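Down below is the structure, laid out as C-alpha cells.
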Amino acid sequence: DAKTTQPPSMDCAEGRAANLPCNHSTISGNEYVYWYRQIHSQGPQYIIHGLKNNETNEMASLIITEDRKSSTLILPHATLRDTAVYYCIVRAGANSKLTFGKGITLSVRP
Amino acid sequence: DSGVTQTPKHLITATGQRVTLRCSPRSGDLSVYWYQQSLDQGLQFLIQYYNGEERAKGNILERFSAQQFPDLHSELNLSSLELGDSALYFCASGRAGLGSTDTQYFGPGTRLTVL
C-alpha cells in the first residue's frame, strides 16, 4: 500500500470547517483513500473513503485531487467532540489490512 | 456504536500467563481482523479471518494465535505473556474478505495490562 504523509497536528475553532490534508504521492490506480479517526483510546471510527471522485456523507467530505496524489478531509462544522487523531490510509483492494501511520491530531478549541 | 463487541474491556494479568480475547462481528460480516495498539508501535494489523479461515497475517507473534468459530465470533489467544504485550487490542469486522475494499468497523477494544 502507498505511504501517506500527514502533518502531526492542527487546530480549528468550534463551528468552523476543519480541513485535514493528506499526501499520498505514490498512490496506485487501484488504491482507495480511507479516513478513520480515533477519539482518545476508543476503537478507530470509519469516516469516509474514495477512489478518485469526491465523496460526501453525513460526517465529512473527501476531496481527492485530479492526479490523486493528495486529498483533504473536510469536517464542515467542527465540534469539541471532533477532537481526535485522524488517520489517512491508502489501501489496495487486494490487501485486506489497514496500515495506520501516526495520523494528525485535530484539536477543536471553543 | 459500530456493532462490533469485544470482551473483556480490561484484563490485568501476570507475565507468563495466557489470556483469551473475544470478538463478535457485526451481523452479516464474515471477516474479522485483529489489531494491536501499543504506545511505541501504534496500530498494527495482526491477523484476518474470513468465514472461519485464516486469510492474512501481519505482525503476529508466534505466542499469539487466533481462530474464528462457525458462529463467526473470533478469539485471540495470547500466551507466555510479556510486559511488552501490554496494549490495546482491537477487533474489526467487514463484509468481505481478500480482494475487496470493504470497510472495516472497529470494536471498543480490550486493554491488556501485563504486570
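The values are calculated or read from the model by the stated rules, or taken from the named source; none is laboratory data. This structure is a prediction, so every number in the text was calculated from the model and none was measured. Heads up, the Cβs are rebuilt from the backbone with ideal geometry, glycines too, and the neighbour counts pull from every protein chain shown. Surface areas here come from the heavy atoms of the whole protein model, side chains and all, with no ligands, DNA or RNA. Shrake-Rupley method; radii C 1.70, N 1.55, O 1.52, S 1.80 Å.
Pairing residues of the range B:6-23 that are within 24 Å of residue B:92 (Cβ to Cβ) with residues that are among the acidic types (Asp, Glu) and at pLDDT 95 or above, at Cβ distances under 8 Å and at least 6 apart in sequence or on separate chains, gives B:20/B:75; B:21/B:75; B:22/B:75; B:23/B:75. Selection within the range B:51-87: residues that are touching a Gly at 6+ places or on another chain (Cβ under 8 Å) and open to solvent by less than 20 Å² (accessible area, probe 1.4 Å). The member of this set that is farthest from residue B:35 (Cα to Cα) is B:81. No other residue among B:76, B:61, B:72, B:88 is within 12 Å of chain A (Cβ to nearest Cβ), within 27 Å of residue A:92 (Cα to Cα) and in contact with a strand residue (DSSP E or B) (Cβ under 9 Å, 6 or more places away or on another chain) apart from B:88.
Scanning the range A:30-41 for residues that are surrounded by fewer than 16 Cβ atoms within 10 Å (Cβ to Cβ) and either away from chain B (no Cβ under 13 Å) or at pLDDT 95 or above (or both) turns up just one, A:39. Is the range B:24-45 home to any residue that is open to solvent by 30 Å² or more (accessible area, probe 1.4 Å), within 11 Å of the chain's Cα centre (by Cα), more than 10 Å from every other protein chain (Cβ to nearest Cβ) and closer than 26 Å to residue A:34 by Cβ? Yes, because at least one residue in the range B:24-45 is open to solvent by 30 Å² or more (accessible area, probe 1.4 Å), within 11 Å of the chain's Cα centre (by Cα), more than 10 Å from every other protein chain (Cβ to nearest Cβ) and closer than 26 Å to residue A:34 by Cβ. The set of residues in the range A:26-74 being assigned to a strand (DSSP E or B), polar (S, T, N, Q) and under 30 Å from residue B:9 (Cα atoms) consists of A:38, A:45. Residue selection: residue A:13 fails the criterion of being crowded, with 18+ Cβ neighbours inside 10 Å and more than 11 Å from chain B (Cβ to nearest Cβ). When residue A:75 is tested against (1) open to solvent by less than 20 Å² (accessible area, probe 1.4 Å); (2) within 14 Å of another protein chain (Cβ to nearest Cβ), only condition (2) is not met.
Residues are listed down the side, and each one gets a yes or a no for (1) open to solvent by 10 Å² or more (accessible area, probe 1.4 Å); (2) at pLDDT below 95:
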site: A:3; (1), (2): yes, yes
site: A:98; (1), (2): no, yes
site: A:104; (1), (2): no, no
site: A:108; (1), (2): yes, no
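Selection within the range A:78-96: residues that are open to solvent by less than 10 Å² (accessible area, probe 1.4 Å) and of a type in the set (Ser, Thr, Tyr). The member of this set that is farthest from the other protein chains (Cβ to nearest Cβ) is A:86.
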